[in-house]
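Notes follow once the structure below has been shown.
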Amino acid sequence: MKKLQSRGLWPHAYVGSVLFGAGYFALNVHWLMPITIPGYITLCMFFGMVAPLAALGIRQAKRRGVPMAIAAPVAWVAFEYLRSIGGLAFPVVLLGHSQYQHLSIIQVADLVGAYGVSFMLVQLVGYRELGRWSYPLFVVTLGALALLLIARYVPMSPFIVERRNSYRWITIGPMNFQVSEYAKISFILALAYYLRYRTNYRSIVGLLMPFVLTLVPMAMILKEPDLGTSLLLLPTLFVMFYDAIHPKPYAAKLMAKAIADVVMDELKVARR
């Protein structure tokens with residue numbers, strides 16, 4: 001951030017953060033698209049604009065000597081709380097909600113609610129540790145998606161069964177896992193880890209790996225079939241490109257075109 005400020009690029013960093021936050025909500029509330037396209041876009045952009053507030057709070061606290069283990073969870077939970085109150089409240093896809101299938105983790109929720117679970121998760125998981133595990137998590141996700149494809153031809157009951165003419169779920173005991181939902185997270189982590197210190201993606205050859213990381217899970221999810229989730233990966237790629245190449249206007253144009261294409265495709269699906 002300091003380097004961006006010294007170069008006069010902090011507005012681009014903010015725009016990149018907004019687009020990343022909007023992309024996060026776009027991935028997780030895509031079910032709103034068939035209901036209201038304008039509302040879906042407005043909601044994603046609104047919460048995308050306030051998403052950088054969490055990063056700003058962490059940065060200010062760190063400047064004042066507050067340990068990251070305290071600054072990060074406090075700032076993140078404050079951000080989640082602010083977007084859950086008032087007339088525009090939307091208390092959905094909180095970080096704590098991701099653990100609904102893990103009873104041993106969410107036991108604390110009866111005392112501190114979902115915010116306490118979010119606080120605990122942010123405090124325990126460091127972003128550097130997530131980065132080191134991003135590729136293995138992505139490979140495991142691809143393996144699970146491959147199992148879903150194989151299950152179309154090789155019976156894998158009771159672990160994988162056909163549901164409404166699709167193969168999206170893996171059942172292990174009492175737990176059901178929709179792999180495409182985990183694929184969205186592992187895809188973002190792997191792509192972010194790949195792009196973080198690289199500059200070769202500014203060339204045609206350097207673009208190859210990010211597109212491979214995107215198109216492979218996209219094709220596998222589309223085969224389940226899950227059209228909605230598969231179409232969200234490509235716009236996410238362009239959002240992250242914009243975040244990596246801050247001042248380049250063509251990245252924003254490409255991203256806008258990709259989002260427009262997704263919206264048009266979803267409209268066609270809804271009309272059918």
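I need to check one value: relative contact order of the range 134-214, counting alpha carbon pairs closer than 8 Å and at least 6 residues apart, in percent. Before the final figure, lay out each step's value.
On the way: 65 pairs, mean separation 22.8, N = 81.
Normalised by residue count, the contact order of the range 134-214 is 28 percent.
Residue by residue through the range 156-167, which ³J(HN,Hα) values in whole Hz follow from phi under the Karplus form 6.51 cos²θ - 1.76 cosθ + 1.60 (θ = phi - 60°), with glycine and proline marked x?
Computed from phi, the couplings for the range 156-167 are 10, 5, x, 6, 10, 10, 6, 10, 6, 6, 9, 10 Hz.
Given the convex hull of the Cα atoms of the range 14-90, what is a quarter of its surface area in nm²?
Numbers: hull surface 22.0 nm².
Convex hull of Cα atoms, orientation-averaged projection: 5.5 nm².
Multiplying the sequence separation of VAL212 and LEU82 by 0.36 nm and subtracting their Cα-Cα distance, what value in nm do you get?
43.1 nm
Since every read-out is calculated from the coordinates, none of them should be taken as a lab result. Here the structure is a predicted model, which means the values were calculated and not measured.
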